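Step one of this worksheet: look at the structure below.
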Ligand SMILES: Cc1ncc(COP(=O)(O)O)c(C=O)c1O
């Protein structure tokens, strides 16, 4: 990626002038994916009986085939759901925790995931252990050692992000799962940012559950995600919602029956996940990763050089997204996301970039996507320099 204006932007419907640097929270779909979803939706609306009863299951299967190839697992082992939160709730509700058990996690996890596991632990009389990692992160080996210092003979489950939300760090989940298997600890990976940003292979990661959204880096329609489930758990999974638990079209029973028909709803976003995979693979998935990572390095270098913000994790720990500590100006971090005054000021410059509260620290996160270019980054730095003062 260079200084030339970005011709890819015309593939999206972003308003002119908007500098959108938050693909990591809410990744808009390119027009072709929006159109594909609309076509599925129109088919639903034109003949709901035909679409919902006789067609949806096989269309979801076809998408699972393509998704399975993309993330390195069999189609039978991956369930399409609305989002990562939905997927994580299925995993959390399906793990049988006994009183006194421990669930190990880190201090970089997503707020709602921590909230869910706190509740699950409380209900079971178990304990959530939040292991503090080195700051800054050092090497993957030290990371894994330090993380497992939090494990005891009562640890039953590990819950960990593949790419963290507040700090934008890529965690060595393959190695963590390997160590966890040796210690007979179940692994639940929170992976929404990793889908498309990183090459994924469920067989190699070999976790018990992998929860993800496809409406982030894969640019699938909003309301699409998946849960990968290792075979040994598939028959004992507990659904978030109880419905008929069987196939509408009368097919032989399958573990996904409890999850596919959960009352009447619009499946078009989930089906169109395959169109998003095709869009990125047609562009070139390696090219996509290289270009967005390169632009994120430019962000890292420019924001540090031109403002008083300090990057959180060393370059080898991040890819297409980068997070910075805002300089301390005495403002208390708002408890919930998206309410920070600096984020509000950025909107005055037509910039969308989230500022979140990470354990009391205010972090600005910048996501780089195919429609972004260096001019966006320069505009962000100009705005930050005015808002915060120069570095
Ligand atoms: C690490 C992580 N986990 C889970 C989620 C929840 O994703 P969703 O809102 O799509 O369910 C997010 C959302 O940003 C996230 O960053």
Cα centroids of the stretch 55-115 and the stretch 276-331: how far apart, whole angstrom? 26 Å
Length released on extending from residue 264 to residue 13, taking residue separation times 0.36 nm less the Cα-Cα span: 87.4 nm
Among 111, 191, 27, residue whose mean-square fluctuation peaks in a GNM of the chain (springs only between Cα atoms under 10 Å): 111
So, R0 is 35 Å and r is the distance between the beta-carbons of residue 234 and residue 35; what FRET efficiency does that work out to, to 0.05? 0.55
If one builds a Gaussian network model of the chain from Cα atoms under 10 Å apart, the most fluctuating residue listed among 263, 24, 225 is 263
Over the Cα atoms of the stretch 211-295, compute the convex hull volume and normalise it per residue, giving Å³. 133 Å³
Projected onto their principal axes, the Cα atoms of the stretch 98-141 stretch, largest extent first, over whole-Å spans of 35, 21, 12
Exposure proxy check: 139, 167, 356 ranked by fewest other beta carbons within 10 Å? 139, 356, 167
In what order do 277, 262 fall by count of nearby beta-carbon atoms within 10 Å, going from fewest to most? 262, 277
Counting DSSP beta bridges in the stretch 34-280, what percent are antiparallel, to the nearest 5? 35 percent
What 222 nm value per residue comes from the helices of the chain, counting each DSSP H run with n ≥ 4 as -39,500 (n - 2.57) and dividing by all residues, nearest 500 deg cm²/dmol? -11500 deg cm²/dmol
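Checking the a/c ratio against 1.5 first, then a/b against b/c, what shape does the Cα gyration tensor give for the stretch 104-187?
Details: a/c = 1.87, a/b = 1.21, b/c = 1.55.
In terms of gyration-tensor shape, oblate.
How big is the Kirkwood radius of the stretch 325-391, worked out from every pair of different alpha carbons and given in Å to one decimal?
12.5 Å
Take the Cα radius of gyration of the stretch 37-116 and divide it by 2.2 N^0.38 Å, with N its residue count; two decimals is plenty.
1.52
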Among 281, 164, 105, rank each residue by its count of other Cβ atoms within 10 Å, from fewest to most, as a rough exposure measure. 281, 105, 164
Cut-off 10 angstrom, C-alpha nodes, Gaussian network model of the chain. Which of 21, 326, 339 fluctuates the most? 339
Computed lengthening from residue 287 to residue 241, 0.36 nm per intervening residue step minus Cα-Cα distance: 12.6 nm
Measuring from centroid to centroid over Cα atoms, what is the spacing of the stretch 355-391 and the stretch 231-271 in Å? 41 Å
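What percent does the relative contact order of the stretch 7-110 come to when contacts are Cα pairs within less than 8 Å and at least six residues apart?
Details: 29 pairs, mean separation 12.7, N = 104.
Relative contact order comes out at 12 percent.
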Taking the stretch 241-391, the whole-percent share of alpha-carbon pairs separated by over 19 angstrom is 64 percent
Give, in whole angstrom and from largest to smallest, the semi-axes √(5λ) of the equivalent ellipsoid of the stretch 34-280, with λ running over the eigenvalues of the Cα gyration tensor. 33, 20, 15
Run the numbers for residue 122 and residue 139: contour at 0.36 nm per residue of separation, minus the present Cα-Cα distance, in nm. 2.8 nm
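Values in this text are rule-based calculations from the coordinates and carry no lab data. Since we're looking at a predicted model, the values are computed, not measured. FYI the Cβ positions are ideal-geometry reconstructions off the backbone, even for glycines, and counts take in every protein chain you see.
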